[in-house]
Amino acid sequence: MPEKNIMTMIDEAAGFIRNRIDFTPEIAVILGSGLGPLSKEIESPTVIPYGEIPHFRVSTVAGHAGELIAGTAGGRRVLVMNGRFHFYEGYPMEIVTLPIRVFARLGIKDLIVTNAAGGIKDSLKPGSLMLISDHLSFMCPSPLAGPNLDEFGPRFKDMTDVYTPELRELAQKTADRLDICLDDGVYCYFRGPQYETPAEIRAVKLLGADAAGMSTVPEAITARHCGMRILGISLITNKAAGLGGSQLSHEEVGEIARQSEQNFVRLVKNIINDWN
Ligand code: HPA
């Protein structure tokens, strides 16, 4: 059976979620590989497995739980995606970014996107946290290709300041207060699922990349198209290919994420607390 029209799919998913939670969330949070422990901090949680939500896919990646959690954190009403959809799982971009448009339909105006990434800039070592200042999307099939969804935004959307300057400033102040080192940098999207080659990393380093990963950019482009404010944080789990002297593995990524999750959780919780 062919998939339904994308607007119908968005509205059905949004309608389902609206019926399951009794408030309008202020901030949506997407948790990347191994960053799920933040979801344990949500107070009065309503947990909705993705399998129950029309048109949501079941996450196929280890470290991605596949549940939507509505509740409060730092005194704010939040909607947390514990696990995301990736292009490398074989989903079309409109499915990868469907949750973002559903968030917009629910009236959510602010988005926090998180991910695990490989560090390219010298200062970004395993365990470092990076505030995303901008991204390189040239390897990312545009999630805005196809008929424009005028309900959300214009055909040709500006991509200056995708990552909202005032939220970056807020995150930096929160990190300083907590004495957590938060370096800023440019996130470079790769399609995956294979890790990059050392030559690819050398190439994008020359072009200004500070970290490499396989997510976030489709979501950020879509959220920007919807006019949302966006904050992006990467947890550096490894030196990118060719820079660390060892081969990369998803297990290593998960292990470092586990070791560093305390700082990450503390930072994001406090950012939400300081949100304005
Ligand atoms: N490359 C791409 N994605 C990643 C990496 C990496 O080095 N580390 C964690 N996710």
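Within segment 91-126, the set of residues being out of contact with any strand residue (DSSP E or B) (no Cβ under 9 Å at 6 or more places or on another chain), within 14 Å of A13 (Cα to Cα) and either in a strand (DSSP E or B) or not aliphatic (A, V, I, L, M) (or both) comprises E94, T97, R101, R105, G107. The residues of segment 188-203 that are more than 20 Å from S246 (Cβ to Cβ) and in contact (Cβ under 8 Å) with a residue 60 or more places away in the chain, listed by number, are C188, R191. In segment 4-90, counting only strands (runs of 3 or more DSSP E) that sit wholly within it, the ones holding 1 or more residues that are open to solvent by 40 Å² or more (accessible area, probe 1.4 Å) span 43-49, 67-73, 76-82. Only one of K269, K239 is within 14 Å of the ligand (Cβ to nearest atom), open to solvent by 10 Å² or more (accessible area, probe 1.4 Å) and in contact (Cβ under 8 Å) with a residue 40 or more places away in the chain; which? Sole residue among the options that is within 14 Å of the ligand (Cβ to nearest atom), open to solvent by 10 Å² or more (accessible area, probe 1.4 Å) and in contact (Cβ under 8 Å) with a residue 40 or more places away in the chain: K239.
Let's see how each residue does on (1) of a type in the set (S, T, N, Q); (2) open to solvent by 70 Å² or more (accessible area, probe 1.4 Å); (3) more than 20 Å from K239 (Cα to Cα):
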| site | (1), (2), (3) |
| --- | --- |
| G119 | no, no, no |
| S123 | yes, no, no |
| L129 | no, no, no |
| N148 | yes, no, yes |
| E151 | no, yes, yes |
| R177 | no, yes, yes |
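The values are calculated or read from the model by the stated rules, or taken from the named source; none is laboratory data. None of the values given here were measured: they were computed from a predicted structure. Using ideal geometry, Cβ is built from the backbone for each residue, glycine included, and neighbour counts are taken over all protein chains shown. All accessible areas refer to the heavy atoms of the entire protein, side chains included, with ligands and DNA or RNA removed. Shrake-Rupley method; radii C 1.70, N 1.55, O 1.52, S 1.80 Å.
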